[in-house]
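Engineer: This is the structure, below, for whatever I ask next.
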Ligand SMILES: [Zn+2]
């Protein structure tokens, strides 16, 4: 890692890493890209509220801060990890590859300032995804890794050397005790992924739950790519049933609060309400009249009209409240529309 590029460039690179797969897909679909992207012709979006941004990252591209007592968080402004210092070593929670070697740098910085051991002895996995665990192997084989049974099963299938399988697994609950500290791990059913786990720090007033609430931002494309849409819609209520003040969401540059979770729940509820209205209000007739035998063209345009109907008022309401409401609300609404149609059966008409 060179240190000759400033924080802006570093955080830009970190952000770019998240979308690096997109041009490859476009090239596959179209053979050759007709026009290279030009900054002048890309669309405009509303400015994001300042409250969505966290503290500035340092010259090496990270920020490390205290959550509460000996619990710390690290961010590169796009991804987040956390660590707990103890008298016997450090427990790390997730190891995003975009933060990579900065994880140990952040730990060293905190450990030397507090005169505590800087050696990572345990890594807790939130879920199996590579974008949150891809730096796990940097900590070697001697570390004890802990994860849900599904995380172990999925990682064993994926067989990625960057993400060693957990040594200790649990089905529904596990209490991790290290150096006099206590961490409660729990699995409450599928949501973002089949294995996504709740990491509760009862002595630090903190909950870590990754890829559900991204504090002060709307979800990433298509409702955070959540595998189980009803399970993901239900997850915030499960999170709120825990006692906590601080929230670590795994993404973007800031920690969350209970108010952030409530705003997020209202945002999702507003999309659901809009979609339910759209399912009855938008008339399919003109779309099928226009496209005849081309059913997919008719369905595509009909559903686009439903999404536009559902999201217009939601985008207006949340601009200035949640960052990028105008960027990703439509793709999230489409995923929620399909779940309401297919999982809940709303809008299904039985042929007479
Ligand atoms: Zn994920």
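Just so it is clear, none of the values below were taken in a lab; they were calculated from the coordinates. All values derive from a computational prediction rather than experimental measurement. In this analysis, Cβ positions are derived from the backbone assuming ideal geometry, glycine residues included, and neighbour counts consider all displayed protein chains.
Engineer: Looking at region 194-208 only, could you name the residues that are crowded, with 20+ Cβ neighbours inside 10 Å, within 16 Å of the ligand (Cβ to nearest atom) and part of a loop (DSSP other than H, G, I, E, B)?
Structural biologist: Residues satisfying the conditions are 195, 196, 197.
Engineer: Continuing with the same structure: Pick out the one residue from 221, 228, 211 that is within 13 Å of the ligand (Cβ to nearest atom), under 19 Å from residue 150 (Cα atoms) and surrounded by fewer than 20 Cβ atoms within 10 Å (Cβ to Cβ).
Structural biologist: 228
Engineer: I'd like to verify a number: residues in region 333-352 that are in contact with a helix residue (DSSP H, G or I) (Cβ under 6 Å, 6 or more places away or on another chain) and either more than 12 Å from residue 230 (Cβ to Cβ) or not in a helix (DSSP H, G or I) (or both), how many?
Structural biologist: 6
Engineer: Continuing with the same structure: Looking at 74, 90, 57, 110, which one is over 19 Å from residue 130 (Cα atoms), touching a helix residue (DSSP H, G or I) at 6+ places or on another chain (Cβ under 7 Å) and not in a loop (DSSP other than H, G, I, E, B)?
Structural biologist: On inspection, the qualifying residue turns out to be 90.
Residues are listed down the side, and each one gets a yes or a no for (1) more than 19 Å from residue 85 (Cα to Cα); (2) without any contact (Cβ under 8 Å) to a residue 40 or more places away in the chain:
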site	(1), (2)
161	yes, yes
191	yes, no
195	yes, no
199	no, no
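Engineer: Can you go through 282, 327, 321 and tell me which one is buried (at least 16 other Cβ atoms within 10 Å of the Cβ), touching a helix residue (DSSP H, G or I) at 6+ places or on another chain (Cβ under 9 Å) and closer than 17 Å to residue 218 by Cα?
Structural biologist: None of the other options fit; the residue is 327.
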